[in-house]
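Reviewing the structure listed below.
Just so it is clear, none of the values below were taken in a lab; they were calculated from the coordinates. Note that the structure is a prediction, hence the values are computed from the model and not measured. Neighbour counts are summed over all protein chains in view; Cβ atoms, including those assigned to glycine, are modelled from backbone coordinates with ideal geometry.
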Amino acid sequence: MLIENLGGNLMGTIPLGDIVLYLNSLHIFLFVTILVFTALIAISRTETQVEAMFGSLDENKVSVGKKEFKQRRFLAIICGIATAGAMITGDLFNFTLFMALIGIVNIGIVSAVKHVDVLNSAYQYGLIAMMCGLPLFGGAAMILAATGTLSLFELAAIPASPMMIFGALVMLIGVCGESGIAPFFASKAEMFRTPGSPFILIIHLSSLFIIVRFVEILLIIL
Amino acid sequence: MNLMAQILINVIIAFLAGSLLLGFHRKVMARVQLRPGPPIIQYLLHSLKFFFKETTFPKTASIPFYIGITVILAIIWVTGVIVGPVTKGSLMILFGIYAIHKIVEHNAGSSSGSPYGKLSCVRAVFSAAGELPLFAVIAVIFLLTGTMDISGIIAYQSIHGPLFFQLPLAVLMFFTLIVTKSPYSPFAITKGKEIISGFETEHFGMLRGYIMFSESIAWYILLWIFLTIFFGPISVVGYLIGMIVICIITGFINATTPMLNPNHSVMTQISIAVICTVGSIIMIII
């Protein structure tokens, strides 16, 4: 299977031993987009949530404190950079590391919020992310055991064996859990109720972009 | 023709055709509900009108995201035109564009500070499951044709015949996605009327203009992709007839179906995606 058939024409490669970094239209599109969003997060201020209070004419305003703002902005930028790395890496092991880092940072972004429902949700997501670390790394290990390499460039040239397919499917479970997408998103949705729009955006953005990239990786392996 | 000229012409076509198709879609819905409905050109006039109205910014908004997100939406859909009708590039990039569209729904809703936008933002996270049928469709098409390039898929169909007849379950999945993205859809939980206009509620003036401009292009591109990847090389008249027929069908569905609650909406889409993906793979193997 040609690697160009998935994400467009190959624009260049950087061989680092057996790991070959490669760029195509899809990677550049995802990489540039995530960097634009990360730059916007770095310069954005947060919104103030305003709700009418029941039984009176007052308003309830919820905003992000300065110390919390700085902590969450730092973690959001780290999450953006980790996602950008996952978009251009040519190595399956690096991808799993970036994925694990994104999962940890996602929990960190909401753990500073003093809101019981949000913290409960982050705790549940954390448990799922932790459990899914095993299939994530285990799947990559199975592929390594079956092929002797984790370079995507090399994997594209190797015909899929049953163990490679099984490893890829196990990895899919790991990615779904770590990124908190369906059917695991129920544990994550409450996290988005917290104020701090730019920071919670990166949680959702990183999950969706990781899935787009993993679809490409999955099809390379299959 | 010069590439820049091609891009410009295709963006204008996508905007005009998309706006008129959305207006037509609304007309069909109105006639099904025994109402006269607005003129077909109404959506286009609304879109243009917003570019000349005063733009205001809520004091509570997260600036510059509140502004930037609408510009990002317009840019990604112009990119969609370039990757789709202009260069016939990779379906994976279009998949990425739909992912960013979901992010725009999410951030446009949360960045204003409005509770309606916030609810829409949380629902956007749930409704990300709506992208599953798209992922499943492109994966199934790749397994059959061996390429993600739209030009490659067209070439495959010119030899083997339309994919419409070879992958009927993938067609059903993609059609579910079209219904999901159509206005007043039973799956359109991010724009439910109980949350006013959802994530668009607090965007006024030029910012709303950008959103409506992008929605027109998004609708056109969605129909264009469906017709291209399932019917292969077809003429301009073929595209026109196909798009009108899809608007009539989705108009009937949306006019007669109430909006589902978020859980039912998500589970319906996931169920359709799983059943049709497994069915399509079995059909390819057989």
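Worth a mention:
- Considering the protein assembly as shown at the alpha-carbon level, its Rg and Dmax are found to be 22.3, 70 Å.
- For chain B, pairs of C-alpha atoms spaced more than 34 angstrom apart make up 17 percent of the total.
- Using a cutoff of 8 angstrom between alpha carbon atoms and counting only pairs six or more residues apart, the relative contact order for segment A:3-221 works out to 24 percent.
- Cα-based radius of gyration of segment A:49-122 once divided by 2.2 N^0.38 Å, which approximates compact folds: 1.52
- Total charge dipole magnitude, the protein assembly as shown, about the Cα centre, Cβ charges on Lys, Arg, Asp, Glu only, Debye to nearest 20: 1160 debye
- Sum of -39500 (n - 2.57) over DSSP H runs of 4+, divided by residues of the protein assembly as shown (222 nm, nearest 500): -23000 deg cm²/dmol
- For segment B:3-285, the dipole from Cβ point charges (+1 on Lys and Arg, -1 on Asp and Glu) about the Cα centre works out to 560 debye, to the nearest 20.
- Calculated P(r) tail over 20 Å for segment A:3-221, as whole % of Cα pairs: 60 percent
- Partners of A:Lys188 within straight-line reach, counting lysines whose Cα lies under 20 Å from its Cα and excluding those fewer than 8 residues away in the same chain: A:Lys114, B:Lys102, B:Lys118.
- With a threshold of 26 Å on the Cα-Cα distance, the over-threshold entries among B:Lys49/B:Lys191; B:Lys59/B:Lys181; A:Lys70/B:Lys53; A:Lys70/B:Lys59 are B:Lys59/B:Lys181; A:Lys70/B:Lys53.
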